[in-house]
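The structure appears right after this line, and notes come after that.
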Amino acid sequence: MAARAYWQGQIRLALVSIPVEIYTATRSGASIAFRQIHEPSGKPVKYEKVVPGLGAIDTDEIMKGFEIEKGEYVLLDQDEIDAVKLESKKTLELTRFVDAGDIDVLYYEKPYFVVPADDLAEEAFIVLREALKRTKKVGLGQLAMRGREYVVSLKPCGRGMVLETLRYADEVHKAQGYFRDIPDAKPDAELLELAEALIEKKSGDFDPQGFHDRYVDALKGLIERKRKAKGRKIIEDKDDGGGRSGSNVVDLMAALKKSMEGGATTAAKKAPAKKPATRKAPAKAPAKKRA
């Protein structure tokens, strides 16, 4: 079954309109879902829509309301909300282009794949994609989806493009409030070299397949052990936090050097391969003296 488009509309660049569809680029990872259970009966707990003084009500009687004063609401039907006119519901107008590095990572929210809606849209779609590649720019605009309007970015991605929703400025905390107490000091040169060497040692290509949710695996293991224990309580030993305590001061130099020991051991194993070649040179010197 083909994926269903999350949004359909057009990208507008000046007088050029490109019909497109966007699709969710991510999905929720593995998780363990728990139900609330009434222990004495072993039955799941259910929730009902309740009005104070009236009790349980039918969901068909529920409307959306905005409180304008204490206890006073403006009631709206869903079709009234859906009828609100906003051009960005169907059109993403690219109003600015910026360097990708100009957008702080804190603003990025969620990615979507963007594809041309039909064959007729392909040429203009490809032209825009390649123009963004060559200029190394990211397009910005606003787009209304599912009940709110987002700031979005548009960038090339393989044969297609990726649209990412961005947070508004008032949704991002100012970093200064959290970082101001960190001293503005230069690190020790030797410590810095060790840290850089450790980073280099552990550097490599990003492989998302190399990571998985170990907490989910641990919960699955707990559930299986609990099932076999037939209700007996199971508490695993608590992690001691790697031996760290609030009063202990970590010797950073020693810790970094110990972290590098694996690399030093590897280098030592490779060294003997070069020693035979080094020993051959001095062997000729005594022969000349005898002559």
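Values in this text are rule-based calculations from the coordinates and carry no lab data. This is a predicted model, so every value here is computed, not measured. Ideal geometry is used to build each Cβ from the backbone, glycine not excepted, and the neighbour counts take in all protein chains shown.
Going through the range 107-184, which chymotrypsin sites (Phe, Trp or Tyr not before Pro) have at most 11 other Cβ atoms within 10 Å and a DSSP loop state?
Values: sites: TYR107, TYR108, TYR112, PHE113, PHE125, TYR150, TYR168, TYR178, PHE179; in loops: TYR168.
For chymotrypsin sites (Phe, Trp or Tyr not before Pro) across the range 107-184 that sit outside H, G, I, E and B with at most 11 neighbouring Cβ atoms in 10 Å, the list reads TYR168.
Rounded, prolate or oblate for the range 89-162? Axes are the square roots of the Cα gyration tensor eigenvalues, ordered a ≥ b ≥ c, and the cut-off for rounded is a/c under 1.5.
Oblate.
What FRET efficiency do you get for LEU222 and ALA254 if R0 is 45 Å and r is their Cβ-Cβ distance, rounded to the nearest 0.05? Intermediate results must be reported in sequence, preceding the final value.
Numbers: r = 36 Å, r/R0 = 0.80.
With a Förster radius of 45 Å, E is 0.80.
Place a label point 7 angstrom from the Cα of ILE81 along the Cα-to-Cβ direction, then list the residues of the range 49-75 whose backbone nitrogen is under 16 Å away.
The answer is 59-68, 73-75, whose backbone nitrogens lie closer than 16 Å to the label point.
Which length gain, in nm to one decimal place, applies between TYR23 and LEU192 when the Cα-Cα distance is subtracted from 0.36 nm times their residue separation?
On the way: separation 169, 0.36 × 169 = 60.84 nm, distance 4.40 nm.
56.4 nm is the gain from fully extending TYR23 to LEU192.
Taking R0 as 45 Å, what FRET efficiency do you get between THR59 and ALA131 from their Cβ-Cβ distance, rounded to the nearest 0.05? Walk me through the intermediate numbers first.
Values: r = 49 Å, r/R0 = 1.10.
My answer for the efficiency is 0.35.
Over 25 Å between Cα atoms, which of LYS43/LYS220; LYS64/LYS89; LYS64/LYS174; LYS85/LYS155; LYS43/LYS233 qualify? Working shown, then result.
Working: LYS43/LYS220 21 Å; LYS64/LYS89 21 Å; LYS64/LYS174 33 Å; LYS85/LYS155 27 Å; LYS43/LYS233 19 Å.
Cα-Cα > 25 Å for LYS64/LYS174; LYS85/LYS155; rest within.
Rounded to the nearest 0.05, what FRET efficiency do GLU72 and PHE211 have when you use their Cβ-Cβ distance and R0 = 35 Å?
Values: r = 51 Å, r/R0 = 1.45.
That pair, GLU72 with PHE211, gives E of 0.10.
Fully extended, how many nm does the chain gain between ILE234 and VAL16 (0.36 nm per residue separation, minus their Cα-Cα distance)?
On the way: separation 218, 0.36 × 218 = 78.48 nm, distance 6.39 nm.
Extra length from ILE234 to VAL16 when fully extended: 72.1 nm.
How long is the gain from GLU261 to ALA100 if the chain were fully straight, where each residue apart is worth 0.36 nm and the alpha carbon distance is subtracted? Present the calculation step by step, with values, prior to reporting the outcome.
Details: separation 161, 0.36 × 161 = 57.96 nm, distance 3.85 nm.
Gain on extension, GLU261 to ALA100, equals 54.1 nm.
Identify the GluC sites (Glu not before Pro) of the range 1-84 meeting these criteria: DSSP loop state and at most 13 other C-beta atoms within 10 Å of the C-beta.
Details: sites: GLU21, GLU48, GLU61, GLU67, GLU69, GLU72, GLU80; in loops: GLU48.
When the GluC sites (Glu not before Pro) of the range 1-84 are filtered for loop state and at most 13 Cβ neighbours within 10 Å, GLU48 remain.
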